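Computed from the coordinates by the stated procedures, all read-outs in this text should not be read as laboratory data. Nothing here was measured: the structure is a model prediction, and the numbers come from that model. When we count neighbours, we look across all protein chains shown, and the Cβ atoms used for this are built from the backbone with ideal geometry, even at glycine.
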Amino acid sequence: MDTNKNPWQILTEKEVYDNPWINVKEFDVINPGGGKGIYGKVHFKNLAIGIIALNEYNQIALIGQYRFPIEQYSWEIPEGGGLHGIDPLISAQRELQEETGLVANNWTKILEMHLSNSVSDELAIVYLATSLEQQQASPEESESLEFKWVAFEEALQWVMENKITDSISVAAILKLKILQTVKI
């Protein structure tokens, strides 16, 4: 199989929804097996940015907030959007300061992932931020956030117990555990 060749044939495409954050298109297609069908694609207009802020006590910054789409409260690492064409690190630095008031002196990219590649093109980039200084948080008007420090091992346990279910947070916490095991 040629992994670089698209086996889908697009017959038509139409835009079904557009707002400042996402665009939704529907495609009439011929699938890889030769059958006709439809396919929907959600295009994200920004990158998803996540930050594990790790302090000298091996605690990570977690943000709690009510998430409208899932209709429940969620604990997660600091996250936000980053414009395409701008260095994602700049977006990560902005998001960390906005949500927590933290400024980090050391940054390491630890993860890139597609969040739901069966229906969207959303790309997430996650950084590890260390050597932290506390300043004033400045969350966006639409955000009602709770910030707290949690021991890294406790956050890992929350992932294992499904108390943290946000995909970026789950992947980032597990990745950091692996990196710590192999001594980053």
Per-residue ³J(HN,Hα) for the range 120-134, Karplus 6.51 cos²θ - 1.76 cosθ + 1.60, θ = phi - 60°, Hz, x for Gly and Pro: 9, 9, 5, 10, 10, 10, 10, 10, 9, 10, 9, 6, 9, 10, 8
Interchain or long-range residues, amide H under 5 Å from Asp166's placed H: none
Whole-Hz couplings from phi, Karplus 6.51/-1.76/1.60, listed for the range 31-48; x for Gly and Pro: 6, x, x, x, x, 7, x, 10, 9, x, 9, 9, 9, 8, 7, 10, 6, 8
Cross-link reach list, aspartates and glutamates versus Lys175, counting only Cα pairs under 12 Å and skipping chain neighbours closer than eight places: Glu112
Residues of type lysines that Lys36 reaches as a straight line, Cα spacing below 18 Å, ignoring anything fewer than 8 places off in the same chain: Lys14, Lys25
Cut-off under 5 Å, modelled amide H: who pairs with Glu122 long-range: Phe44, Leu115, Ser116
Net length gained if the chain between Asn4 and Ser118 were fully extended (0.36 nm per residue, minus Cα distance): 39.3 nm
Label-to-label distance, nm, for residues given as Gln136 and Trp21 (7 Å Cα→Cβ offset): 2.7 nm
Protection proxy ranking, peptides 130-140, 75-85, average beta carbon neighbours within 10 Å, highest first: 75-85, 130-140
Sorted peptide list for 157-163, 4-10, 97-103, criterion being average Cβ within 10 angstrom, highest first: 97-103, 157-163, 4-10
Expected 222 nm ellipticity per residue - DSSP helices of 4 or more, -39500 (n - 2.57), all of the chain, to 500: -6500 deg cm²/dmol
Using θ = phi - 60° and Karplus 6.51 cos²θ - 1.76 cosθ + 1.60, couplings along the range 143-149 (whole Hz; Gly, Pro as x): 9, 10, 10, 10, 10, 8, 8
Relative contact order [Cα under 8 Å, 6+ residues apart], the chain, whole percent: 21 percent
